[in-house]
Amino acid sequence: MPIDGSPALPPAVAERLARLAPDQRAAATARPGPVLCIAPAGSGKTTTLVARVAWLVATGADPATIAAITFNARAAEELRERLGPALAPLADGTGDVPAAGVRVRTFHALGLEILRDAGRPPSVTSRDAVLRVVAPAADAATRRRLDDAFSRLKLDLGVTAADVASDPAPGPLARLFLAYERALGEAGACDFDDLVAGTLRALEVDPGLLARWRARCAHLLVDEVQDVDRSQLRLALLLAAPANRVFLVGDDDQSIYGWRLADVRRVLSLADALPGLRRVDLAVNYRCPAPVLARAVRLVEHNAERFAKAIRPGPAAVGRLVLAPVGPEPEGLLRRLTAAWPADGGSRAVLARTRRELLPFAGEALALGIPFRGDGVVLPVDDPRIDEIVARAGLDPRPLPLAARLATLPGDGAPAGTAPAAGSTVRAIAPTRAGAGPAPQDDPEPPWTPRELRAALVGWAARLPPGADLRAAIADARARLAELRRPGAALTLATAHATKGLEWDHVAVVGMTEGRFPSARSLAEAGDSSRALEEERRLAYVAWTRARRSLTLVYDPEAPSPFLREAFDPDELGRASRAP
């Protein structure tokens, strides 16, 4: 059957389309060509994507010519799981299920597949591992800055080792980049970025390879298009050309990964790269209570770099929005939140701008025995360096003398094996971020310095009962943490950056305080503070719109975040501050 919008659809597909809202159905059945589907938070993006693929197959597209590219592996797995039952009714006479032929990949997985097809099966290695060899004086923070810089060179600027080698006077960063690329070459390896940048180069120099993959991606769908970097977008458009049967879905208001080289202007200017691009908007948020959506939209409408759009609440958008002025460093906040949330068995989340702001909540969950999920939330007791610090002080079962000895350890007490501080040369080649986007402040490394670990131990030892054994207390806390950390726990502790694609019944966003959200550090480190502020505002919008039933915004009434002043009237904040 030709792809001509014919109404003669298989019953299962016709029924699926009939269940969609008019805006979702318009997007799912848009005639093949360049289409941009703007999908705000909670608008049924994945539902629309699945319906789009089912419609393509039902109207004659060979599943082997359909490719969907997602932003991460979690989204790819979800899409595969939902495509299976959607396409099962379209099985042909042999019993083959179309979903088996549809290619669902992340950009990196697709790049790996293309490179293998090109006869260049890569051995992918960790950039950090190579940097430890070529820059042995660099500490973890410096290696992360170098990681950012090398990604910008490869993905944003398209720089190769050959480009650097031809430079008669390369700077320190260029020289280190060249050493890094040579080390990769000698190992016969590539890094994660090469799965995109290297794939682009392979396709551009091999017409046969490009033709094969254009045929396999004749109907291309790209999810979360607002988050792609320059090379990812180039790869998608190269594969879609010249027919440009590409369906791009995303939301400019949820572009929050400037530190990963995303740029909201990329999605705002897609019409320049794709002549004839049609825009279809999903206009209803089915997730959030109406008061939550109203304030989130009011906040993000302060941004200049966005599409003008209408976002309406769904018909069942009931729930509440709570302003919670609690002071700068509230004690027992998790207990108070747990008591205030309805006892409805719903999922709960405490969200913050940074991982450090989640640490008191993890500590309180440990003290209260509340199971939680907190990926990457590292308490001091988690850090194995504690054992060495205790050993340096000389273990004694009596906590107060031990606390005194810990407090008087000389220097930072850096344990053996810690990388030395970066030298001046390394610091010179790892400058502060030059881009407009804010730094994530969401480091994967444990956030504690030896001095901070020692201070945490001093405080902890002083609170132990007389005669307690510190080593036993540490072991007990670790055992209890291992028991309480559960993937399926009702309570989640997460940074705002880690919440894309997730939702909970009851959400508390903590630290909605001036200097913390938006992050003063991120604004100070950004090359363009006004654009960084807009990304911070989008990040708050993402955090707020994770809530299905209730949203609680926690802040210091003496210094509320400017985002609260933008989203709420002054009298609302005043009444909340005076509430008992």
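The values are calculated or read from the model by the stated rules, or taken from the named source; none is laboratory data. Note that the structure is a prediction, hence the values are computed from the model and not measured. All Cβ positions, glycine included, derive from the backbone under ideal geometry; neighbour counts span all protein chains shown. For the accessible areas, the whole protein counts, side chains as well, though only heavy atoms, and no ligand, DNA or RNA atoms are used. Shrake-Rupley method; radii C 1.70, N 1.55, O 1.52, S 1.80 Å.
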Cα-only Rg/Rh for segment 106-254 with Kirkwood Rh rounds to 1.00
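Applying 1/(1 + (r/R0)^6) with R0 = 45 Å to the Cβ-Cβ distance of ALA310 and GLU483, what FRET efficiency is obtained, to the nearest 0.05?
About 0.40, to the nearest 0.05.
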Starting from the Cα-Cα distance between LEU268 and ALA339, subtract it from 0.36 nm times their residue separation and give me the gain in nm to one decimal. 21.2 nm
Once you sort the root eigenvalues of the Cα gyration tensor of segment 187-259 as a ≥ b ≥ c, which label holds: rounded (a/c under 1.5), prolate (a/b larger than b/c) or oblate (the other case)? oblate
What is the extension gain from ASP476 to GLU186, computed as 0.36 nm multiplied by their sequence separation minus the C-alpha to C-alpha distance, in nm to one decimal? 99.7 nm
Roll a 1.4 Å probe over the protein heavy atoms and report the accessible area of LEU112 in Å², nearest 10. 40
For the chain, the longest principal axis of the Cα atoms and the Cα long axis of helix 140-151 enclose an angle in degrees, to the nearest 10, of 20
Nearest 500 deg cm²/dmol is fine: what mean residue ellipticity at 222 nm does the chain get from its DSSP H runs of n ≥ 4 alone, each adding -39,500 (n - 2.57), divided by its residue count? -13000 deg cm²/dmol
Going by Cα centres, segment 334-354 and segment 172-238 are how many Å apart? 42
So for R0 = 45 Å, FRET eff. of SER126-ARG19 from the Cβ-Cβ r, to 0.05, ends up at 0.50
For LEU368 and ARG116, calculate 0.36 nm times their separation in residues minus their Cα-Cα distance, and state this gained length in nm to one decimal. 85.6 nm
Cα extents of segment 19-136 along the three principal axes, largest first (Å): 59, 39, 25
Report, please, the projected area of segment 465-545 averaged over directions, based on the convex hull of its C-alpha atoms, in nm². 8.7
Largest-first ranking of SER529, SER255, SER347 by accessible area, probe 1.4 Å, whole protein assembly kept, is SER529, SER347, SER255
